[in-house]
Amino acid sequence: MADKPPVVVVFLLLLLGLGLGLCSCANVHIVYMGELHPELHPELVRDSHHGMLAAVLGSKQAAEDAILYSYRHGFSGFAAVLTNAQAAQLSDWPGVVRVVRNRVLDLHTTRSWDFMRVNPSPPSGGSGILSGSRFGEDSIIGVLDTGIWPESASFRDDGIGDVPRRWKGQCVAGERFNASNCNRKIIGAKWFVKGYQAEYGKMNTTDIHEYMSARDAVGHGTHTASTAAGALVPDASFRGLASGVARGGAPRARLAVYKVCWATGDCTSADILAAFDAAIHDGVDVLSVSLGQAPPLPAYVDDVLAIGSFHAVVRGITVVCSAGNSGPYSETVINSAPWVLTVAAGTIDRTFLAKITLGNNSTYVGQTMYSGKHAATSMHIVYAEDVSSDNADDTDASCTAGSLNATLVKGNVVLCFQTRGQRASQVAVETVKKARGVGVIFAQFLTKDIASAFDIPLIQVDYQVGTAILAYTTSTRNPMVQFGSAKTILGELIGPEVAYFSSRGPSSLTPSILKPDITAPGVNILASWSPSVALSSAMGSVNFKIDSGTSMSCPHISGVAALLKSMHPNWSPAAVKSAMVTTANVRDEYGFEMVSEAAPYKQANPFDYGGGHVDPNRAAHPGLVYDMRPSDYVRFLCSMGYNNSAIASMVQQHTPCQHSPKSQLNLNVPSITIPELRGKLSVSRTVTNVGPVTSKYRARVEAPPGVNVTVNPSLLTFNSTVNRLTFKVAFQAKLKVQGRYTFGSLTWEDGTHTVRIPLVVRTMINRFYVNA
């Protein structure tokens, strides 16, 4: 290793050079050069990057002007402003793995942790994960997001010890943020904007409310950070809703903040990769990344999140990513690299309801999060089609923009119906508000994700209730309605269910790797918020807010990962993932099979929830884990068809690839997915005993319909000298037809532990015959 030449991986992100005085042909590129040579000092790596640029651009000064970031801690590479010709020249440079354009990625409580039974005294008795991990003490969670509001009560450091001596990070000063904003809870804060400004020009903070620092002007980063590791905050609520003690999953874990996303909602590849590089250097244990880009998915060697997370995982950092919010459609899951933990969103057993009383004394109930003022007396209600504007469609009942007559709407509640062309209740609210209406009843396909409305009441009902209200409005000359106050309803909903918006599998890039991996609460989650911007002119600012998305489920898993790392500091990221996946629940709290919010609702399957809904207390003691080493990921990259030199650069070792068609299927992930089963096929897995030294596990199979499954051996015996065992799983299609995906499971049981993995199989016909 020591006599090998230094390898640099350069990702050149092509960004418009706005504000940099560059011609329109110059763009940001990332030059990715792979794993660092272990004996090279970071400053020597930086000098080599500048030397490469100077050789291409003609002078040291030109290189200084062009370079944005030198990645020199977790991996090698740089981001620079280049022409296409210069980028092409660098792509042929020795040691360069890839040169890619800069991309813009998107951002994707009082009850959720109790719902998962993460509390100091678990109802089952014994030591739960919270007490067993000492509340996540000294685990360090890095959060890539919009920054943090450090004054939030969720980030107090009461009762937390000194900063771990291994920590190498720092608090970088900026606008309204300095070292005094960090404490024993927030131990690091950095911000990365060079890639954003190279793309869009210097940010005008007069027009856009933002801080040139790690301070959060949006709220998203504060919400995710407090969900993962917030301190206990009594009497927290969102304007009276969801009141109780707010807390994160790992209340004594430390937070390191990496601001990569800005108030416009944009996060650029160059900035994200710089944050990964910094986090690896600083010494985080877990990285929480609630962002990504929608399909089509780039190749892993072109995907900054995949690259940054790869180098983090190789160094023992668990990387947790959101699955995306493009559900309920199949093949929409993102962040599908096998080394990351990809998180779907589920519901909890809490909702917010208000009573609707009509003028004929009929009463109904709808969902709402409106907690502002509204008339205590009855209001007139009108149907959207009856008050449409002259230029609106005659059958426009959905309250699309500009569809209402302000003269007829003023002072009235409007009944709107969701349509295929207009599905969003927020659009209806804005349309009614602009027409000077005083409230909205929105009839729709109802899910548990409640829309926010801050200026006028919005109550969401299903089509049946909406139709009944419509019948009333057409049966009387003066229809009236009165709204009750929103109330928090707890424990009266079946949960968890997979959220409607949560992106589904299979992965469109690597369908043989099951994604998402796991599900966690992501619907109507209360957590800290940035009070710097008013939610509306009527409501003002808040310190806590309810929000939904896989952005919310991701930090739940990050918090659990931090607890597991505190309990098992020597576990690899693969072991942490396996512990959660193999102990997850596929049934709700009443014992019914989990349901997926779709149109219509359906029984959920692994493409909806991965291994299931996370059970943190069981994950603390999984019995067996499906572990992996970096070499396993290298074989996976080989199976993707990437060339030997590129992979060798990524991992700093000579890696002759052997392109086996089964290499992806044999990757030791805690699931088995066979996208194309033709006749017979056998795959292997290896489990490591992390439970009692002397243990015996028997296999129990629930075969996917239409497939025979056998396990050999079906009994695994561990002792003081044997703690890793390999087994084979053979699949045989029963039917010679082109099939759809079917689902089953393989569970290893020892009388105490149940170690379950999903089985996902689609049968295929060997060949098609066409009659002449």
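The values are calculated or read from the model by the stated rules, or taken from the named source; none is laboratory data. Given the structure is predicted, the values throughout are model-derived calculations rather than measurements. As a convention, Cβ positions derive from the backbone with ideal geometry for all residues, glycine included, and neighbour counts pool all protein chains shown. All accessible areas refer to the heavy atoms of the entire protein, side chains included, with ligands and DNA or RNA removed. Shrake-Rupley method; radii C 1.70, N 1.55, O 1.52, S 1.80 Å.
Scan the range 677-684 and give yes if some residue there is closer than 30 Å to N325 by Cβ and either assigned by the TED database to the domain that holds W748 or polar (S, T, N, Q) (or both), otherwise no. No, every residue in the range 677-684 fails to be closer than 30 Å to N325 by Cβ and either assigned by the TED database to the domain that holds W748 or polar (S, T, N, Q) (or both).
A quick yes/no check of all residues on (1) closer than 30 Å to N617 by Cα; (2) open to solvent by less than 60 Å² (accessible area, probe 1.4 Å); (3) at pLDDT below 95; (4) assigned by the TED database to the domain that holds A579:
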| site | (1), (2), (3), (4) |
| --- | --- |
| N708 | no, no, no, no |
| L716 | yes, yes, no, no |
| R724 | yes, no, no, no |
| A730 | no, yes, no, no |
| L735 | no, no, yes, no |
| R740 | no, no, yes, no |
| T752 | yes, no, no, no |
| T763 | no, yes, yes, no |
| R767 | no, no, yes, no |
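Take residues that are modelled with pLDDT of 85 or more and within 13 Å of A486 (Cα to Cα) and tell me which of the strands (runs of 3 or more DSSP E) falling wholly in the range 349-400 contain 2 or more. Lay out the reasoning, then the answer.
Details: elements: 350-358, 363-367, 379-383.
Result: 350-358, 363-367.
Counting the residues of the range 669-681 that are surrounded by fewer than 19 Cβ atoms within 10 Å (Cβ to Cβ) and either more than 14 Å from T763 (Cα to Cα) or touching a Pro at 6+ places or on another chain (Cβ under 6 Å) (or both) gives 1. Only a single item in (1) at pLDDT below 95; (2) buried (at least 24 other Cβ atoms within 10 Å of the Cβ); (3) small (G, A, S) is not met by A229, and it is number (1). Just one of the numbered conditions (1) in contact with a strand residue (DSSP E or B) (Cβ under 9 Å, 6 or more places away or on another chain); (2) not in a helix (DSSP H, G or I) is not true of T419: (1).
The single condition from (1) more than 19 Å from the chain's Cα centre (by Cα); (2) within 22 Å of D517 (Cβ to Cβ) that V313 fails is (1). For the range 617-647, a residue qualifies if it is in a helix (DSSP H, G or I), closer than 30 Å to V118 by Cα and either small (G, A, S) or over 23 Å from the mean Cα position of the chain (by Cα) (or both), and exactly one does: A619. Between S566, S578, the distinction of being small (G, A, S) and in contact with a Gly (Cβ under 8 Å, 6 or more places away or on another chain) belongs to S566 only.
Criterion applied to L287, L255 was being over 17 Å from the mean Cα position of the chain (by Cα), assigned to a strand (DSSP E or B) and modelled with pLDDT of 95 or more, and the one residue passing it is L255. Pairs, please: C-beta under 6 Å, at least 6 apart or cross-chain, first residue over 21 Å from P94 (Cβ atoms) and in the range 21-43, second modelled with pLDDT of 90 or more and assigned to a loop (DSSP other than H, G, I, E, B)? Listed pairs, sorted by first residue: V28/N102. Does S403 fit the bill of being touching a Leu at 6+ places or on another chain (Cβ under 7 Å), at pLDDT below 95 and either open to solvent by 40 Å² or more (accessible area, probe 1.4 Å) or not hydrophobic (A, V, I, L, M, F, W, C) (or both)? Against the criterion (touching a Leu at 6+ places or on another chain (Cβ under 7 Å), at pLDDT below 95 and either open to solvent by 40 Å² or more (accessible area, probe 1.4 Å) or not hydrophobic (A, V, I, L, M, F, W, C) (or both)), S403 does not qualify. Of everything listed in (1) touching a Ser or Thr at 6+ places or on another chain (Cβ under 7 Å); (2) closer than 22 Å to A598 by Cα; (3) open to solvent by 20 Å² or more (accessible area, probe 1.4 Å), the single unmet condition for A486 is (2). Hey, any hits in the range 511-530 for a residue that's open to solvent by 30 Å² or more (accessible area, probe 1.4 Å) and closer than 30 Å to E676 by Cα? Checked the range 511-530: at least one residue is open to solvent by 30 Å² or more (accessible area, probe 1.4 Å) and closer than 30 Å to E676 by Cα. Against the test of being within 20 Å of I546 (Cα to Cα), of a type in the set (V, I, T) and open to solvent by less than 10 Å² (accessible area, probe 1.4 Å), the options V289, V301 yield a single qualifying residue, V289. Among residues of the range 434-463 that are in a loop (DSSP other than H, G, I, E, B), those with a Cβ under 6 angstrom from a residue that is open to solvent by 50 Å² or more (accessible area, probe 1.4 Å) and basic (K, R), sequence gap 6+ or separate chain, pair up as R436/K410; D455/K433; I456/K433.
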